[in-house]
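Report on the following structure.
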């Protein structure tokens with residue numbers, strides 16, 4: 001048996017797979033992994049079958065089917081006021097994670113530094129390390145988890161190649177505001193630092209707040225890759241369809257990686273997504289209220305519990321403090337929660353280089369109301 005020298009010695013099986021498997025083994029209600037337990041719009045699902053039957057089953061263009069890229073361009077113009085080229089600034093990818101990896105691989109070089117913010121989505125650091133660079137992890141401080149721009153400034157060096165921003169933020173649900181974008185613009189002005197905006201929850205922002213995308217800021221967009229996800233927006237995470245909007249010069253580099261990573265993405269799914277964007281444009285404007293109902297329902301139901309929390313500002317995740325319940329480390333607490341309470345959550349420490357100052361776990365409320373009620377009953381019984 002030959003055992004290769006691992007390029008990712010710190011990486012094991014993702015916590016999402018571990019917790020979902022445990023949930024299945026213990027017949028627990030799975031509020032851990034971030035996927036809905038309901039389907040996307042019926043017209044979308046029917047369109048996929050129709051396109052398959054019509055023979056749209058071969059490779060799509062490497063950059064994405066034109067109809068879908070046209071709809072993306074229209075959405076970007078309508079929501080963010082930015083005119084982007086269908087041919088030169090939009091690339092459809094096999095999920096947002098592929099777009100994130102392709103962007104990092106396209107521009108990050110050996111010995112570069114990439115600033116990320118803990119808690120950080122777990123795909124960032126492996127992609128950085130695979131490309132020979134170093135992740136500089138800055139801890140967002142509880143309870144508000146806002147970016148400390150003075151700290152960012154102190155960690156920018158001549159090796160800083162990229163800053164990754166996730167808003168709305170997984171797992172904490174915080175969002176960047178207009179002042180954040182201005183501070184960021186001040187920090188990167190006159191540098192060659194690039195930006196990667198992970199904006200997959202762009203349409204899940206609550207309490208009538210806008211989503212402050214990097215696309216809205218001219219000075220930031222000229223150095224940005226902006227990534228989004230159809231899976232999050234249309235309740236179809238298993239389709240793994242995302243996209244990246246970036247200026248032409250950055251898109252050229254992203255596509256050099258993308259074409260040898262996946263080349264193209266499912267043709268019938270792309271065509272169906274183009275149709276739903278054209279025929280039901282109101283879907284994205286209705287999504288915040290759809291998920292705010294679920295957030296409010298879940299938070300109201302678990303309010304009597306011993307968990308402490310502030311309702312999330314965005315995403316379909318709710319972080320809760322369990323310090324009044326247990327002194328267990330969060331990974332062990334999540335295992336206990338599955339085995340004893342029958343509910344699965346995600347420990348927040350897995351998103352961090354060092355454990356956070358408070359004991360936090362993350363619940364996903366992208367579930368049917370019935371599922372949320374059943375989970376809340378178990379949570380309140382702890």
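Compute the Cα gyration tensor for the range 176-230, then decide on rounded, prolate or oblate, letting a ≥ b ≥ c be the square roots of its eigenvalues: rounded whenever a/c is under 1.5, prolate when a/b is larger than b/c in the other cases, and oblate in all that remain.
On the way: a/c = 2.98, a/b = 1.54, b/c = 1.93.
Cα axes put the range 176-230 in the oblate bin.
Taking R0 as 22 Å, what's the FRET efficiency between residue 222 and residue 262 from their Cβ-Cβ distance, rounded to 0.05?
Working: r = 27 Å, r/R0 = 1.21.
Plugging the Cβ-Cβ distance into 1/(1 + (r/R0)^6) gives 0.25.
Sort 299, 319, 380 by Cβ crowding within 10 Å, fewest neighbours at the top.
Working: 299 19, 319 26, 380 15.
Starting with the residue having the fewest Cβ neighbours, the order is 380, 299, 319.
Which distance in Å, rounded to a whole number, links the C-alpha centroids of the range 61-106 and the range 282-351?
When both Cα centres are located, 32 Å separates them.
Out of the DSSP beta bridges found with both residues in the range 42-279, what percent are antiparallel (nearest 5)? Mind dumping the intermediate values first?
Details: 8 of 26 bridges.
DSSP beta bridges in the range 42-279 are roughly 30 percent antiparallel.
Given springs between every Cα pair under 10 Å in a Gaussian network model of the chain, which of 28, 135, 324 has the largest fluctuation?
324
Work out the FRET efficiency for residue 374 and residue 122 from their Cβ-Cβ distance, taking R0 = 30 Å, and round it to the nearest 0.05. Provide the component values of the computation, followed by the final result.
Numbers: r = 28 Å, r/R0 = 0.93.
With R0 = 30 Å, the Cβ-Cβ based efficiency is 0.60.
Add -39500 (n - 2.57) for each DSSP H run of 4 or more in the chain, then divide by its residues: what number comes out at 222 nm, to the nearest 500 deg cm²/dmol?
Details: 14 runs with 150 residues, N = 382.
It lands at -12000 deg cm²/dmol.
How would 213, 85 line up from fewest to most surrounding beta-carbon atoms within 10 angstrom? Write out the running numbers ahead of the final one.
Details: 213 24, 85 13.
Going from sparsest to densest Cβ surroundings: 85, 213.
Please label the shape of the range 114-160 as rounded, prolate or oblate, based on the square roots a ≥ b ≥ c of the eigenvalues of the alpha-carbon gyration tensor (a/c under 1.5 means rounded; beyond that, a/b larger than b/c means prolate, else oblate).
On the way: a/c = 4.23, a/b = 1.32, b/c = 3.20.
Note, shape of the range 114-160 comes out oblate.
Go ahead and set up a Gaussian network model of the chain, Cα springs under 10 Å, then flag whichever of 13, 172, 371 fluctuates most.
For the chain, modelled as a Gaussian network with Cα springs under 10 Å, the answer is 13.
Using 0.36 nm times the number of residues separating residue 326 and residue 186, minus their current alpha carbon distance, what extension gain do you get? Please list the in-between numbers first.
Working: separation 140, 0.36 × 140 = 50.40 nm, distance 4.31 nm.
Full-extension gain reported as 46.1 nm.
Can you tell me how the range 1-50 classifies by the Cα gyration tensor, rounded, prolate or oblate, using a/c under 1.5 as the rounded cut? Could the numbers behind the result be given before it?
On the way: a/c = 3.39, a/b = 1.71, b/c = 1.98.
Cα axes put the range 1-50 in the oblate bin.
Find how many whole Å separate the alpha carbon centroid of the range 160-192 from the alpha carbon centroid of the range 40-60.
Cα centroid to Cα centroid, the span is 37 Å.
Determine the gain in length on full extension of the stretch residue 179-residue 85; use 0.36 nm per residue of separation and subtract their C-alpha separation, reporting nm with one decimal.
Values: separation 94, 0.36 × 94 = 33.84 nm, distance 2.77 nm.
Value of the extension gain: 31.1 nm.
Just grab the label-to-label distance for residue 42 and residue 340, each label 7 Å out from Cα along the Cβ direction, in nm (one decimal).
The modelled label-to-label distance comes out at 4.5 nm.
Any chance you could run the full-extension gain for residue 13 through residue 154? It's 0.36 nm times the residue separation minus the Cα-Cα distance, nm to one decimal.
Working it through step by step, the gained length comes to 47.4 nm.
Connecting C-alpha atoms closer than 10 Å in a GNM of the chain, tell me which of 285, 349, 167 has the biggest fluctuation.
285
To the nearest 0.05, what FRET efficiency results for residue 290 and residue 50 with a Förster distance of 30 Å applied to their C-beta separation? Don't jump to the answer; show the numbers that get you there.
Details: r = 25 Å, r/R0 = 0.84.
Working from the Cβ atoms, E equals 0.75.
Since every read-out is calculated from the coordinates, none of them should be taken as a lab result. Predicted model only: the values in this text are computed from it and were never measured. Virtual Cβ from ideal backbone geometry, glycine too; neighbours counted across all protein chains shown.
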